[in-house]
1. How do the pairs read when you match residues in the stretch 13-34 that are without any contact (Cβ under 8 Å) to a residue 60 or more places away in the chain with residues anywhere that are assigned to a loop (DSSP other than H, G, I, E, B) and basic (Lys, Arg), using Cβ under 6 Å and keeping only pairs 6 or more apart or on different chains?
2. Could you list, in sequence order, the residues of the stretch 8-38 that are at pLDDT below 90, among the aliphatic types (A, V, I, L, M) and in a helix (DSSP H, G or I)?
3. Inside the stretch 52-66, can you point out the residues that are without any contact (Cβ under 8 Å) to a residue 24 or more places away in the chain and closer than 15 Å to Leu4 by Cα?
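The values are calculated or read from the model by the stated rules, or taken from the named source; none is laboratory data. All of these numbers come straight from a predicted model, not from anything done at the bench. Cβ: placed from backbone, ideal geometry, glycine included. Neighbour counts: every protein chain shown.
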Amino acid sequence: MLALKELGERLENAGVRGYSIRYSAPVFHLWHDRPYVRADVIARNRAILEETRRTRAAWTETGMRR
């Protein structure tokens, strides 16, 4: 879940503004393992999110490029 929050934060930092479609669009969820339930993974993801917020980053060195 934190990874999605971090992606949303980067999109906002890049100028993309979202809006809620809650209750007005179908939602599907695909089953997957949940490695993020481990405390060390949660801590690492929170640190990444906080760094993104602190620096207002929109892009990553290992991510997609424009």
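1. Listed pairs, sorted by first residue: Asn13/Arg56.
2. Val37
3. If we filter the stretch 52-66 for residues that are without any contact (Cβ under 8 Å) to a residue 24 or more places away in the chain, which is where we start, we get 54-55, 61-66.
Matches in the stretch 52-66: Gly63 only.
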